[in-house]
Amino acid sequence: MFLTSIHLRQFRNYAEQSVAFSAPKTILVGENAQGKSNLLEAVELISVMKSHRTSRDRDLVQDGHAQGQITATIDHGPPEATAAMGVRMTLRASGRRTTVLNGETLRRQLDLLGTLNTVQFSSLDLELVRGGPAHRRDWLNGLLVQLEPLYAHLLQQYGKVLRQRNALLRKADKDESGLPIQDLSASLAVWDAQLAALGTRLIRRRARALERLTPLAQQWHEQISGSREALRICYRPSVAREQPEQWDSPELLQASFLEKIKQRAIAEQVNGTSLVGPHRDEVDFLIDETPARQYGSQGQQRTLVLSLKLAELTLIDEVIGQPPLLLLDDVLAELDLNRQNQLLDAIQTRFQTLITTTHLSAFDAQWLKSSQILTVEAGKIIMP
Ligand SMILES: Nc1ncnc2c1ncn2[C@@H]1O[C@H](COP(=O)(O)OP(=O)(O)OP(=O)(O)O)[C@@H](O)[C@H]1O
Ligand SMILES: [Mg+2]
């Protein structure tokens, strides 16, 4: 896939700006707070329809304006080699966004998925290793919606059921000691069934994706660490923790999901929230069998995140048959020359890459030679 151009209108600190991408690599250089990450965020939005920086469209629209717009053209290469695709997303300070794909307004927004696939890598991604489980679930979701757009629909439905179920649990009356007064299990049953059915489908898809991602991540990890350390990725769904073989059977998995809900019934009523399901899943990264989260050094954690990102890139390429875009926000200068070069070797010219930086001096000369370099200054992009 190749993003050939993007046009921003009243988006973040951009009033009106067009950018034409003319090389496989584009470096966006500028001082702090000029709009480098904002541009990457616009690409992220038309790719996965979410920004990792905000969940409110109001923040994305330029201050003082009612709406903002991102317009982009994307080429898909062989085998499907379509004519250029056109996307226009209109964001509103209040109200829903609208998305137009090739001239047609999408009735279901999620149908945009697959138009532009991306892998993001920013300095924040160290949180993937260091942060809480929610970071890893978000990461997994972001990858899965690109691998199989059906996953996005399932996730959306699961979220709805979860919210309804939580509302019911929250409303339950409790006595002074915080214990539930009435037994909610009858009214919860209908939600339990839906939660387990949808949850099972999410869990199985997560397990499958991690199964395919792991060997790729291991290969990259071996290469970057010089085979010194072994990486293991361990998926731990909040149901069926002990028997991975259950994942092959949706019936067994669903039964154990419902069983787990039963076990946690009192705890759920006391806490007033759902405690079982993919929204509670965890993924462990182990380096030489020790959790990277607690014991990994900075360097080990960086190597791990870089391996995961490269694995995502190759997995999407493999599954979709089109290379995704790579978005590198502020991260390249943080890698030492060896890791920079590993990354360069990995992406070659196959993956279109957008890179932000405050200083070109941090880059290997090789990168600079083959790149389009754009300067970002106060919401304007200056082409050379
Ligand atoms: N809705 C908005 N309307 C107008 N300006 C905005 C809006 N949202 C953010 N900004 C401005 O955008 C700027 C931040 O842009 P961005 O995050 O892209 O910076 P950056 O160039 O990536 O900087 P850094 O090098 O620090 O990461 C800030 O000055 C901020 O005030
Ligand atoms: Mg930035």
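The values are calculated or read from the model by the stated rules, or taken from the named source; none is laboratory data. Keep in mind that what you see is a predicted model, and the values were worked out from it rather than measured. Counting neighbours? That spans all protein chains shown, and the Cβs are built from the backbone with ideal geometry, glycine included.
Data overview
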| item | result |
| --- | --- |
| Criterion violated by Val190 - all others in (1) surrounded by fewer than 17 Cβ atoms within 10 Å (Cβ to Cβ); (2) within 30 Å of Leu310 (Cα to Cα) satisfied | (2) |
| Yes/no for Thr71 being β-branched (Val, Ile, Thr) and assigned to a loop (DSSP other than H, G, I, E, B) | no |
| Any hit, the range 199-216, residues being of a type in the set (Ser, Thr, Tyr), under 22 Å from Leu308 (Cβ atoms) and either assigned to a helix (DSSP H, G or I) or without any contact (Cβ under 8 Å) to a residue 12 or more places away in the chain (or both) | yes |
| Some residue of the range 316-333 being touching a strand residue (DSSP E or B) at 6+ places or on another chain (Cβ under 8 Å), assigned by TED's automatic domain parsing to the domain that holds Ser227 and of a type in the set (Asp, Glu) | no |
| Output for the range 253-277, where each listed residue is among the hydrophobic types (A, V, I, L, M, F, W, C) and within 29 Å of the chain's Cα centre (by Cα) | Leu253, Phe257, Leu258, Ile261, Leu275, Val276 |
| Exclusive hit being within 30 Å of Pro237 (Cβ to Cβ) and surrounded by fewer than 20 Cβ atoms within 10 Å (Cβ to Cβ), set Gln120, Gln146, Gln67, Gln157 | Gln157 |
| Pairs, first within 23 Å of Arg206 (Cα to Cα) in the range 283-311, second in a strand (DSSP E or B) and acidic (Asp, Glu), C-beta under 7 Å, six or more apart | Pro291/Asp284 |
| Positions within the range 172-198 being in a helix (DSSP H, G or I) and in contact with a Leu (Cβ under 9 Å, 6 or more places away or on another chain), in sequence order | Ser187, Leu188, Trp191, Asp192, Ala193, Leu195, Ala196, Leu198 |
| Of all residues making up the range 212-228, the number that are at pLDDT 95 or above and charged (D, E, K, R) | 1 |
| Residue tally, condition at negative phi and either loosely packed, with under 15 Cβ neighbours inside 10 Å or not in a strand (DSSP E or B) (or both), over the range 87-117 | 17 |
| Where a residue in the range 217-237 is touching a residue at least 12 places away in the same chain (Cβ under 8 Å) and its partner, wherever it lies, is in a strand (DSSP E or B) and charged (D, E, K, R), with Cβ under 6 Å and at least six apart | Cys234/Asp284; Arg236/Glu282 |
| Top-ranked residue of the range 25-56 - restricted to ones that are among the acidic types (Asp, Glu) and near ligand 1 (Cβ under 10 Å from one of its atoms), ranked as surrounded by the fewest Cβ atoms within 10 Å (Cβ to Cβ) | Glu31 |
| So Gly68, is it outside the structural domain of Val145 (by TED's automatic domain parsing), within 15 Å of ligand 2 (Cβ to nearest atom), touching a residue at least 24 places away in the same chain (Cβ under 8 Å) and more than 27 Å from Tyr151 (Cα to Cα) | no |
| The listed residue being modelled with pLDDT of 95 or more, part of a strand (DSSP E or B) and either closer than 24 Å to Ser123 by Cα or touching a helix residue (DSSP H, G or I) at 6+ places or on another chain (Cβ under 9 Å) (or both), out of Leu3, Leu40 | Leu3 |
| Extreme residue, surrounded by the most Cβ atoms within 10 Å (Cβ to Cβ), among residues of the range 308-341 that are within 16 Å of ligand 1 (Cβ to nearest atom) and not in a loop (DSSP other than H, G, I, E, B) | Leu328 |
| Leading residue by the ranking (farthest from the chain's Cα centre (by Cα)) among those in the range 44-58 that are in a helix (DSSP H, G or I) and away from ligand 2 (no atom under 15 Å from the Cβ) | Arg58 |
| Conditions (1) more than 29 Å from Val331 (Cβ to Cβ); (2) out of contact with any strand residue (DSSP E or B) (no Cβ under 6 Å at 6 or more places or on another chain); number of the one not met by Arg92 | (2) |
